[in-house]
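First up is the structure itself, then whatever we jot down about it.
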């Protein structure tokens, strides 16, 4: 289907107004699109007919009407935007009138009589239009039915348009924050008791401004972890939740050796295998680990020793989700993340691990999904936007 | 009372404020919710918004306001003296806006996306468009001439009319005369300017407007004249208030084209030498009467539309076969029920409540199925259909926060699925039984999915601000969704989204067709999914189109003279479409054939753009830079106290009658104060009666009335009242009083409200009982406590003059403590109304009962008094006082009483008689209506000795008149005869004029 620009190009080619480069374009267009070829053929036929028509005095009044139509188009210099009939050449205007008649009585197009009659009919229409409402068709009105319409057989109505509004005409302030509240899961979350409880917790609010926490929000691995099924299951696990409150566990998180070991893939892999000691002792990797300096240091660590006796820790070793998590790529990557490590020893974060509301929130799918959204992560990068979200979340009507 | 002019809504200022206050003081403490209000002040604007969630819009609203203000300031050469108040809220499903110049310049904006019904109001970004429109109202009505300024100085501000002080109407006119013009006048100029400020996007180049007038001319129907438009065209026509926009825009556009913009604008300008009254100014500018030029416009319009019809008729027009012999008014999206071979559609036409109906395709038999409370203007409701379970899904409360309901067609049972879901544009997925829709919340449009059993909605995709999806449909195999999509520029396109992608969170649309300026509407899938059927004004006329999905080709299926909409594909070679007619839409069968050709029509607006090219310079420029941080920093919580100010002071005249019956005329002043929302206000009135016949201590009259959200505090001293000058009802009382009242809302759900009122009052130096005139008080001191529970669920059909159906009940407890005795009373009032098959005719049943509890039954504080119609000769209260519990037409006021009573009443209300053209633009009759009623009363029915029974029959005729375009007065005539035990048969004649 020809675009308006392509039609314009073909008409200008017939009128001899194209540049050499444009003429090449026309040639390529005609060769590639049958519709373009049909239009070009139609124009050439008309041109040939015109050349055969001798001078003939037009009906009285037709000339001034035509001139009036042409003069109105000549004063459109200040108009902008999309319009129909933009600077039509005289020949194109005649072609448009011509085509409307041609559609009706094609075989009669070959005679001068019909041509003159068509012109007279057009003049009659224009005269009728003039005396009924006094105005010939506006330059913003449509042309005639023909190939210029993108729905074949339908003449597209014209409409004056000024400057088209764009996104530059819109100025908003943090619309992404408000858009978050269009999510039903977020709505349920912010209206839940557990969310509202934790929002009032100073540790949580302090955490929002913590650099390590903010850095973590930007981390793709952290975001991926929020979506991980094993991680989700772990957050709901009673043993895991109990462990978060355990002093030994918390001390271990900030232990340098433990952190180093946590980055060790072998250690993690072994964790994933569970506490089957007998199987472990046959494992070559485990054997190698026995000689690892960090591991040896860990064995002497009081927190580690206390942890081995911890019922929750022991239960966790058998937890399938925990084991799965140890081999989770995102989780493993996170262990190496500096922000993650810094967070483990952050006082606010540590205090939060003991907070029942926070634990409940961590086990909430909606909260984890929220943390995984790009918008929420963006919020974390912008303290003002983050505060705005939290403040407005607290104002949501229950 | 003048209306705040809302863009597409019939809300009056009073109702809007009432809803606003109710919504924000409803289910929770008002202080908590109103504490969320935020305020931003700029040198030219006070912006108040009702929730911090709307803060994201502040830069856009601020910049749009400023651009529009600068344009209008230059165009009208006027700088408003005060900042304009802009109230932003999210109470409506669709975006809307309104403006008023009294007592301050005020604009209200609902931030929801605009509706797209029939492209009746094309527009680009809505804040820009709303400000362009609403500030036109402000500037055309607020700009004062020297005399207006003088009166504003005398009254210390602009005066808002209040029914309690009828003289306030005169003062209001003197301060803001151009506000007292018909709505078409105000909307015409606003829509005209809005269109050009939007760069051509508006009703002046509106296909819907062209269609309306083209249809009138085609059918040789009557075009309303100046008076007829207001008396009939805006009250009974199925387009009611929209006619103001249609006719106003058209007439103003005609004037601009014929005489030029300068002359047309002179009509609206209130400069030096201009006339105050709009019609007088018209003659002053054009040298002819408004009526004469209106007639010339009608002839011009006929010629214009004749030309358009000739263009359409160049090619064979589509002949449609109507399915029914009735016109349906407004219609919803329609569905084919193959099980019954019928069309299911919601309709709304004058005279009957909006409802869902079934139309047999073969016979045209029309069957009413289910009423729809809270139907919306042009689209009635959002309707979807599950053919397998034969369940219809529809929405109520369509102008507010929509509810979602399901109707089982087999059983007729209806159940509410989700309240306040705010979801419309429903579409049903047959593959998984899920519902899809578009949710409007906080200015955003969100595509949502409601999985069976529809107890929750899930977000699928939230569109960026300024974009909207509408007219959804789901492929029958569930593979895809199609919709119309609009953007910031106002351009529209038909899009398709793969279901599988959507459910994975990918809402990237495949643009099937760019319609550009002309909205694709109601496209639906064929049964086999090969085609889509919809409508578009592509040629300027709404025709049906078929889209070949595989070939990606659009074809016309009609060449309409008026317009075809909402196609319903049928098996075979035909389809149903709704053809526009003068009285509404007609379901019709059209062949599924491609017409020969379709010609475009011309738009009046295009003529203006060419021949009056200065309008091309009116488009507001690019958005100015906005310092968002500065705006945020300047935003504070809204404080009513900080925004409390004097509105005006003006003289009053009151009447005061003492217990001896001596009437004195008092003169004084009334001062009004309020905050910017109008939710907190204080009125102080002081007057003095110089008549020597009145006791010295009864010549000074004071009244103070303070309102703040749910609270009301009042105080009186020798209360006087303007209407006491006329009688027979008198409210003036000797003595002093102090009262406090709290009114809370337990339920606000569309037409249904349940509220409670608690009131405590203390009186001193009484001569008569405060409740009942001419009843001597047994004690000069009185303390009362009243508790009321009030329920009402009242509805009315399109074009109604009063509530036509529904029910109410009121349970009240009143305790009077006087003379060291406590006299409690309880009462219960019930009413139920039914709309009869005769359009706009209702029958009402009422029952009341009450009793004193303990105490001295003979004490006047323990008794309830009855008698009289209850209307004053000149009044401001409800014209139907005979419906009140204490009214009993035929008896004298308070003639009979009882400590215990029972009362019943039946009333038949006739359809109104409309006056087509009785009057002149400044004063005309609108309608007349008759009520016939019969009442029965039994007092002290528990005491054989004192029991009395009474009967009364009567009629009351009411005639509504409109003066100064806004003043709705009612002249009532009535006659009743009463008879009863112990009294002679008596009659009563009523003549009452309710001024406002």
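Coordinate-derived values only; no laboratory data. On a predicted model such as this, the values are computed, not experimentally measured, just so you know. Here Cβ is always computed from backbone atoms with ideal geometry, including for glycine, and neighbour counts include all displayed protein chains.
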Protection proxy (average C-beta count within 10 Å per residue), highest first, orders B:936-947, B:437-448, A:315-326 as B:437-448, A:315-326, B:936-947
Rounded to one decimal in nm, the spacing of the 7 Å Cα→Cβ label points at residue B:617 and residue B:946 is 8.4 nm
Residues B:56, A:286 in order from fewest to most other beta-carbon atoms within 10 Å are A:286, B:56
Here, the range A:142-218 modelled as identical Cα point scatterers in vacuum has Debye log10 I(q)/I(0) at q = 0.15 Å⁻¹ of -0.79
Between residue B:646 and residue A:296, the FRET efficiency computed from the C-beta separation at R0 = 60 Å comes out, to the nearest 0.05, as 0.10
Checking rank on B:837-848, B:979-990, with mean other Cβ inside 10 Å and highest first, the result is B:837-848, B:979-990
DSSP beta bridges in chain B: the antiparallel percent, rounded to 5, is 95 percent
The alpha-carbon center of the range B:351-425 and that of the range B:459-485 are separated, in whole Å, by 21 Å
Two pseudo-spin positions, 7 Å from Cα along C-beta at residue A:391 and at residue B:856, lie apart in nanometres by 6.3 nm
Expected sort for A:35, B:210 with the fewest Cβ neighbours (10 Å cutoff) up front is A:35, B:210
Everything considered on the Cα gyration tensor (a ≥ b ≥ c; rounded for a/c under 1.5, else prolate if a/b is larger than b/c, else oblate), the range B:321-598 must be described as rounded
Taking only the alpha-carbon positions of chain B as identical scatterers, the Debye log10 I(q)/I(0) at q = 0.10 Å⁻¹ comes out as -1.29
Rounded to a whole number, the Stokes-Einstein D of the range B:382-502 in µm²/s (Kirkwood radius over Cα pairs; 25 °C; 0.890 mPa s) is 168 µm²/s
Checking rank on B:479-492, B:799-812, with mean other Cβ inside 10 Å and highest first, the result is B:479-492, B:799-812
The range B:884-934 and the range A:296-345 have their Cα centres apart by a whole-number Å value of 83 Å
Across B:555-564, the residue-averaged tally of Cβ atoms belonging to other chains within 10 Å stands at 1
Here the residues of the range A:222-240 lying in the modelled label zone of residue A:285, meaning backbone nitrogen under 19 Å from a point 7 Å along Cα-to-Cβ, are A:230-231
Taking a crude spin-label model, label points 7 Å out from Cα along the C-beta direction, the residue B:684 to residue B:830 distance in nm is 4.8 nm
Assertion target for B:411, B:318, ordered by fewest C-beta neighbours within 10 angstrom first, is B:411, B:318
Computed curve, the range B:726-994, Cα-only Debye sum without solvent term, log₁₀ I(q)/I(0) at 0.16 Å⁻¹, is -1.38
Calculated from DSSP helices alone, with each H run of at least 4 adding -39500 (n - 2.57) and the total divided by the residues of chain B, [θ]222 nm to the nearest 500 comes to -5500 deg cm²/dmol
Here the range B:842-938 gives, from Cα atoms, an Rg and Dmax in Å of 17.6, 59
Mean separation of Cα contacts under 8 Å (at least 6 apart) over the residue count of the range B:182-266, i.e. the relative contact order in percent, is 42 percent
As a percent rounded to 5, the proportion of antiparallel DSSP bridges among beta bridges in the protein assembly as shown is 95 percent
Taking only C-alpha positions in the range B:685-753, Rg and Dmax in angstrom work out to 16.6, 54
One finds the C-alpha centres of the range A:170-226 and the range B:760-837 to be spaced, in Å, by 52 Å
Rounded to a whole number, the mean other protein chain Cβ count within 10 angstrom for residues of B:610-619 is 4
Contact order relative to length for the range B:321-598, counting C-alpha pairs under 8 Å separated by 6 or more residues, stands in percent at 12 percent
Mean separation of Cα contacts under 8 Å (at least 6 apart) over the residue count of chain B, i.e. the relative contact order in percent, is 9 percent
Taking the protein assembly as shown, the equivalent ellipsoid from its C-alpha gyration tensor has semi-axes in Å, biggest first, of 56, 53, 31
Mean per-residue count of partner chain Cβ within 10 Å for B:530-542 equals 2
What the Cα atoms of the range B:816-890 span along the principal axes, largest first and in whole Å, is 55, 29, 21
For the range B:647-725, the Cα-Cα pair-distance distribution in 10 Å bins from 0, as whole percents, is 19, 45, 25, 10, 1
